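> The structure under discussion is supplied below as structure tokens; questions concerning it will follow.
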Amino acid sequence: MTERARPSSWHVAIAGLLVGAGGVLLGLQVDADGRFSGTGLTTLGIGALLALVASFAQVRASGLPRDAIGAFALVAAFLGFAFVVAGALAPGGPWMFFEVFLLFAFVASRRRTSDSGGRGIGGATLVALGLMLLFRLWVSYQGSEHRWQVLSLGIPVLSWLPFEFLDPIKRVSLGSFTPLELGFPPAGLSFAVSMTMWAVGFCLAAGGIALAQSGAIEHENDRIHDLIQTLPPTLARLVERLLPEDEWQALGLHGLSERRLMKRIEALASARLQRQREIQSMFQASATPALPPAGGFAGEIWQALSKASAEGSGR
Amino acid sequence: MIEADAGSRGRTGLWTVVALGCALFAASIGVRAIAPARATLPKDRVEERPHIAEPMQLLSRGAQLRAAELDRWVSEPQRPGFRAARQTVFALSACPPLVEWIDGAEGQPVERLIASLRAGSREDALASLTLVFRIARACEWAPGIVARRADHAERLGGLLQDWLRVWGEKSAKDPLLADPALAAAVLYGRAMRTAFKAPLLSNNRAPHERAVAFLGELTGISSGRRTDFGEALRARYARAAEKLAGGSDPLIGLEEEAASLFPDLDGSCP
């Protein structure tokens, strides 16, 4: 009998499509004559470097992939992060290095607080990258309008005076850049089309990353579930009750080889059963004549535990 | 059996999608290396058929050296009229006031011909614009030190506006008319700003607002969707386009460009 493809595998495959399509859109720009050109490989190199750091973190948390779908999910997440970073960074010059510095600092701080719930690339990182994309779109817009600075501020009082000869000193430019730094094509950038492509590409790649990571987790859970299901049905139910599915990644079951996975499940099931017994015996030992009086915090706790114990015995 | 077939199809479909994803990964890296095409202006495109070389010479101070060349390019029905009008305007030497001359016996047929040529072929359109530029050089349209009349400049602006309305957008990517159309817009801005500044103590707002509204429509600035002509203006005269889009004095950029491009076209027959 041929085994059917699981939904988690489909999630990973579709995530690959999303990341690929997003990468294509983020890698292209349209010039003023409507011709396509590439956005360059420099930022992709920096994106790949950051993606490598994120992938290492993911491998440390979840282990190496154990089959082709798992490997594809890892590659999709790696490339997706590289594309998203490359798309969000300013294409060159001091602004790009400033953003890279910020991003490294951000990724390092997120790793310390480990907010990503076992995933290499968390929502907060994607939000930070989204903000960087907005900045890139802004400087690209300024450049497409032939304004080569991030902001131009009017100097109070001077800028209010209606004298043309004061024009050169009425405004001060902040954050200047050049067409070369922005990687504009020689004919100039068609901002509307390029912006749409980049924004759609970013959304596709970010969605692909999220889907690839959740698909990979689900795929690993499926593998562990399959292994547990090789046990006799009652024993399999007991093991799954002792080791609930939503704890499998936290318990370090993801990414283990089949032999090590069996050993780990055996050890964990044994430890949990032992603990269960200890709790049960402690509960029975506490049922002494010195029962707490009804009502109050102690009484309420005692009643809740007795009720839970009775329900457990009934089952 | 049916379930096995469905499973097999499902796995084949899955691996097809994975393969497609791998192909997209490769494409997404490959497209980044596509080199940008070099910038080409409309005039850089070589036309297969015979064409008028360097059309901007026909709008410059030395236009009289080549104006006769246009006779063979103008469409057959307009040719005799154009030859006569050309001889008339290139023979002008006394620097008459523009409105008086164009409303006079010599000017009326020329004005009619300019309108007819405007409705013809692209070569006819260039011939029409050549006549307008020659009139702008040979007639006085500056407001004058004492009279401060705005109507001469407004009339010149009217001729240019009519031409731009018909040919402005069409010419943006035309190798023959792209540069002449931008030159017409630049001179139009100067003429209308001259009319705006004509009164001694105040400003003549009507021609100024008319010009800003027209140029806003022609370039697409007013609708927020830039036209091909607007893109061409921005690429060639960035400061003028920026001033037009948001400056407190929208026509000043065009006037500055006109002063640089055609220093002799100031309305005073130098």
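The values are calculated or read from the model by the stated rules, or taken from the named source; none is laboratory data. It should be emphasised that the depicted structure is a prediction, and the values quoted were computed from it without experimental measurement. Quick reminder, even Gly has a Cβ in these numbers, built from the backbone with ideal geometry, and neighbours come from all protein chains shown.
> Of all residues in segment A:24-57, which are more than 24 Å from A:Pro94 (Cα to Cα) and not aliphatic (A, V, I, L, M)?
Selection gives A:Asp33, A:Gly34, A:Arg35, A:Phe36, A:Ser55, A:Phe56.
> May I pose another question? Since A:Asp222 meets every condition but one in (1) within 30 Å of A:Val24 (Cα to Cα); (2) surrounded by 13 or more Cβ atoms within 10 Å (Cβ to Cβ); (3) in contact (Cβ under 8 Å) with a residue 60 or more places away in the chain, which condition does it not meet?
(1)
> Sticking with this structure for a sec: Within segment B:37-60, work out how many residues are on the phi < 0 side of the Ramachandran plot and assigned to a loop (DSSP other than H, G, I, E, B).
Going through segment B:37-60, the residues on the phi < 0 side of the Ramachandran plot turn out to be B:37-53, B:55-60.
If we keep only those that are assigned to a loop (DSSP other than H, G, I, E, B) as well, we get B:37-41, B:45-53, B:60.
Residues in segment B:37-60 being on the phi < 0 side of the Ramachandran plot and assigned to a loop (DSSP other than H, G, I, E, B): 15 in total.
> Moving on. Considering only residues of segment A:29-45 that are modelled with pLDDT of 90 or more and in a helix (DSSP H, G or I), which is nearest to the other protein chains (Cβ to nearest Cβ)?
Filtering first and then ranking leaves A:Leu44.
> Can you go through B:Glu217, B:Glu209, B:Glu257 and tell me which one is within 19 Å of B:Gln161 (Cβ to Cβ), free of Cβ contacts under 8 Å to residues at least 12 places away in the same chain, surrounded by 15 or more Cβ atoms within 10 Å (Cβ to Cβ) and more than 13 Å from chain A (Cβ to nearest Cβ)? Don't jump to the end; show me each part of the working.
Values: B:Glu209 fails: surrounded by 15 or more Cβ atoms within 10 Å (Cβ to Cβ); B:Glu257 fails: free of Cβ contacts under 8 Å to residues at least 12 places away in the same chain.
Answer to the selection: B:Glu217.
> Can you tell me which residue among A:Leu211, A:Leu189 is closer than 30 Å to A:Arg60 by Cβ and within 14 Å of another protein chain (Cβ to nearest Cβ)?
A:Leu211
> Please enumerate the residues belonging to segment A:1-28 that are more than 18 Å from A:Cys203 (Cβ to Cβ), part of a helix (DSSP H, G or I) and among the β-branched types (Val, Ile, Thr).
Within segment A:1-28, the subset more than 18 Å from A:Cys203 (Cβ to Cβ) is A:1-10, A:12-13.
If we keep only those that are part of a helix (DSSP H, G or I) too, we end up with A:7-10, A:12-13.
Passing the criteria: only A:Val12.
> Quick one: in segment B:234-248, which of the residues that are in contact (Cβ under 8 Å) with a residue 24 or more places away in the chain and touching an Asp or Glu at 6+ places or on another chain (Cβ under 9 Å) is surrounded by the most Cβ atoms within 10 Å (Cβ to Cβ)?
B:Ala240
> For segment A:58-70, how many residues are over 14 Å from A:Trp10 (Cα atoms) and either surrounded by fewer than 18 Cβ atoms within 10 Å (Cβ to Cβ) or in contact with an Asp or Glu (Cβ under 6 Å, 6 or more places away or on another chain) (or both)? Outline the logic, then answer.
Start the filter on segment A:58-70 by keeping residues that are over 14 Å from A:Trp10 (Cα atoms), which leaves A:58-67.
From the residues that got through so far, the ones that are either surrounded by fewer than 18 Cβ atoms within 10 Å (Cβ to Cβ) or in contact with an Asp or Glu (Cβ under 6 Å, 6 or more places away or on another chain) (or both) too are A:59-60, A:64, A:66-67.
The qualifying residues number 5.
> Which residue, of A:Gly175, A:Gly183, is more than 14 Å from chain B (Cβ to nearest Cβ), out of contact with any Lys or Arg (no Cβ under 8 Å at 6 or more places or on another chain) and not acidic (Asp, Glu)? Please lay out each step first, then the result.
Details: A:Gly183 fails: more than 14 Å from chain B (Cβ to nearest Cβ).
Just one listed residue meets the conditions, A:Gly175.
> Now, a different point. Could you count how many residues in segment A:147-201 are of a type outside the set (Ser, Thr, Tyr) and in contact with an Asp or Glu (Cβ under 7 Å, 6 or more places away or on another chain)? Full working, then the answer.
Taking segment A:147-201 first, the residues of a type outside the set (Ser, Thr, Tyr) are A:147-151, A:153-158, A:160-172, A:174-175, A:177, A:179-189, A:191-193, A:195, A:197-201.
Now drop any that are not in contact with an Asp or Glu (Cβ under 7 Å, 6 or more places away or on another chain), which leaves A:185, A:187-189.
Residues flagged as of a type outside the set (Ser, Thr, Tyr) and in contact with an Asp or Glu (Cβ under 7 Å, 6 or more places away or on another chain) within segment A:147-201 amount to 4.
> Does B:Ala105 satisfy being more than 9 Å from every other protein chain (Cβ to nearest Cβ), without any contact (Cβ under 8 Å) to a residue 40 or more places away in the chain and under 26 Å from A:Gly22 (Cβ atoms)?
For B:Ala105, the condition - more than 9 Å from every other protein chain (Cβ to nearest Cβ), without any contact (Cβ under 8 Å) to a residue 40 or more places away in the chain and under 26 Å from A:Gly22 (Cβ atoms) - is not met.
> Looking at segment B:61-75 only, could you name the residues that are without any contact (Cβ under 8 Å) to a residue 40 or more places away in the chain and over 13 Å from B:Ala127 (Cα atoms)?
Answer for segment B:61-75, where residues must be without any contact (Cβ under 8 Å) to a residue 40 or more places away in the chain and over 13 Å from B:Ala127 (Cα atoms): B:Gly62, B:Leu65.
> Taking only pairs six or more apart or across chains, which ones have beta-carbon atoms under 7 Å, a first residue in segment A:15-28 that is at the interface with chain B (Cβ under 7 Å from one of its Cβ atoms), and a second residue that is of a type outside the set (A, V, I, L, M) and assigned to a strand (DSSP E or B)?
A:Gly27/A:Gly38; A:Leu28/A:Phe36; A:Leu28/A:Gly38
> On to the next question. For segment B:164-198, what are the residues that are part of a loop (DSSP other than H, G, I, E, B) and out of contact with any Pro (no Cβ under 8 Å at 6 or more places or on another chain)?
none
> Mind checking which pairs have a first residue in segment B:23-51 that is within 11 Å of chain A (Cβ to nearest Cβ) and a second that is β-branched (Val, Ile, Thr), Cβ under 7 Å, 6 or more apart or different chains?
B:Leu24/A:Val24; B:Ala27/A:Val24; B:Ser28/A:Val24; B:Val31/A:Val24; B:Arg32/A:Thr39
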